[in-house]
Amino acid sequence: MASPAHLLVADDNKVNRLLLQRSLQLQGHTVTLAENGRIALEMLRREPFDLLLLDIAMPEMDGFQVLEHLAKDLRLRDLPVIVTSAVEDMASVVRCIECGAEDYLHKPVNPVLLKARLGASLEKKRLRDQQKELVRRFATREVADDLDASGFKLGGQRVQATVMFSDIRGFTTMAEAMPPEETIELLNTYYTLMFDAISGHGGVVNQIIGDGLMAIFGAPLALADPCGSAVRAAQEMIEMVTLFNQEPDRAGKPVIQIGVGIASGSVIAGYTGTDQRATYTCVGDTVNLAARLEAHTKTVGQAILICGSTQAALDSGSGATSIGPVQFKGKTESIDVFSVQAAV
Amino acid sequence: MKQEAVIDRSTFAELQDSAGVEFVAELVGTFLEEAPGMLAELRVARATADAERFRRGAHSLKSNSLTFGALALGAMARELELKGLDADPARDVVALDALDAAYAQAAAALKELSHG
């Protein structure tokens, strides 16, 4: 049986309101009453409810209008609605379902049927909430919001974005000399700091592979200045690592160094995988280039390397210095590469 | 038209069974407070030729009547809801007079049943 829920009843008729309230309270639920659609909508926007029982024919704002408002409201879109009405034409019932109502109960409402339908709707809501919670835990907030807004659909779109790759230099060697618990603890602290720097600048971490990560700036959320945001995030990451190193350095323990590669351009962004298991990611030349730039930081002994397109979008005071064109493996033309210093 | 019962006893008993005898007595009280307003609404809607208001008033009265098993009253209200305003206002006035009478009967029966 469904656990007690907080329900809102919207009905302009006092007898109907009181009777529904009574039936629901007898089932153990907490009930709030609204006299019309407008008041119901105000209440829904003010406090959380588990489900709405909605009448159709109401003055000020009728049930159809409430359903339309709910459908447009990101926060309220998933609220289960059971329409209760004595309206007799089938077209109205169909319209309610099309407008997003989960179920329809004809008035006078049979208490046994009410209990069954309510239980089913609340159980579905509980599963949906649980699923959302899982998505939030295993995806970033931006991806979860994007999924929420546009629904899950494999397939992508071409967008302009800035891609960042970062990893810890020589981490494998370091990890071999450390107890495994300490390695995971180090990675967790490190990732907490890196995530904070990246999301603080509007980026989205979309992959973690061992000690490396990939982040996207400008998708799925558009950013005013994806290049600048990515570079500032990278600088903050380097500063974080410097702070992070202070304690092990004093204790004579090994310190970590990271390399960051940033490239901007057209990418194909979207969900890849299967319907069962998918991830939001970006693919394309720009992504490969960011990965190559990150690898190149080791070769040239620089912390942050960016491509020419990223550099071109930066303010003149960014302090990016050219290290000349570089011919990367798999690229037909050489790429202008710039180095950015951590502390500006 | 088939003659409907003033109050269908089994519907009323079921309501008492599921919601509680005392609660139903209170609910009847609420209906008796609200219904005269609904009947007056119908008169105003008729006088101002407000079709939407007329339908909504008849709909509300139908819905409550059926809740208590007031089948005759419910059937008359339903007829007005589905038909809407009549082209001839005089016919609606006759129907509304009949509705008032049916309400008076239903109200008396409901009072007796809920205190019985």
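The values are calculated or read from the model by the stated rules, or taken from the named source; none is laboratory data. Because the structure is a prediction, the values reported are computed rather than measured. Please note: Cβ atoms are built from the backbone with ideal geometry, for glycine as well, and neighbour counts cover all protein chains shown.
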| request: Return the pairs, sorted by first residue and then second, in which the second residue is not in a helix (DSSP H, G or I), the first residue lies in region A:166-190 and is without any contact (Cβ under 8 Å) to a residue 40 or more places away in the chain, the beta carbons are less than 7 Å apart, and the residues are 6+ apart or on different chains. | output: A:L187/A:D211
| Could we say that B:A25 is more than 10 Å from chain A (Cβ to nearest Cβ) and at positive phi here? | no
| Filtered residue count, region A:1-12, keeping only those that are at the interface with chain B (Cβ under 9 Å from one of its Cβ atoms) and small (G, A, S) | 0
| A:L243 being farther than 18 Å from A:G261 by Cβ, in the same structural domain as A:S309 (by TED's automatic domain parsing), out of contact with any strand residue (DSSP E or B) (no Cβ under 8 Å at 6 or more places or on another chain) and aliphatic (A, V, I, L, M) | yes
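With respect to B:D92, is the statement that it is more than 14 Å from every other protein chain (Cβ to nearest Cβ), outside any loop (DSSP other than H, G, I, E, B), in contact (Cβ under 8 Å) with a residue 24 or more places away in the chain and buried (at least 19 other Cβ atoms within 10 Å of the Cβ) true?
Here the answer is yes, as B:D92 does meet what is asked.
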| query | Applying the selection to region A:3-17, what residues are surrounded by fewer than 19 Cβ atoms within 10 Å (Cβ to Cβ) and either more than 35 Å from the chain's Cα centre (by Cα) or closer than 21 Å to B:A35 by Cβ (or both)? | reply | A:K14
| remark: Expected single match for within 22 Å of B:V24 (Cβ to Cβ), in a helix (DSSP H, G or I), within 11 Å of another protein chain (Cβ to nearest Cβ) and modelled with pLDDT under 95 among B:S65, B:S60 is B:S60
| request: Count, please, the residues in region B:35-49 that happen to be within 13 Å of another protein chain (Cβ to nearest Cβ) and among the small types (G, A, S). | output: 3
| task | Considering every residue within region A:44-63, establish whether at least one is in contact (Cβ under 8 Å) with a residue 24 or more places away in the chain, within 19 Å of A:E123 (Cα to Cα), in contact with a Lys or Arg (Cβ under 8 Å, 6 or more places away or on another chain) and of a type in the set (D, E, K, R). | result | yes
| Residue selected from region A:13-50 under the condition within 25 Å of B:R56 (Cβ to Cβ) and not in a helix (DSSP H, G or I), by the criterion farthest from the other protein chains (Cβ to nearest Cβ) | A:T32
| So which of B:E52, B:E81 is within 12 Å of chain A (Cβ to nearest Cβ), more than 28 Å from A:L24 (Cα to Cα) and surrounded by 19 or more Cβ atoms within 10 Å (Cβ to Cβ)? | B:E81
| Since A:G63 meets every condition but one in (1) crowded, with 17+ Cβ neighbours inside 10 Å; (2) more than 14 Å from chain B (Cβ to nearest Cβ); (3) of a type outside the set (V, I, T), which condition does it not meet? | (2)
| Check on B:E112, more than 14 Å from chain A (Cβ to nearest Cβ), more than 21 Å from A:P111 (Cβ to Cβ) and touching a Leu at 6+ places or on another chain (Cβ under 6 Å) | no
| query | Do we have B:R43 as in a helix (DSSP H, G or I), surrounded by fewer than 19 Cβ atoms within 10 Å (Cβ to Cβ) and in contact (Cβ under 8 Å) with a residue 40 or more places away in the chain here? | reply | yes
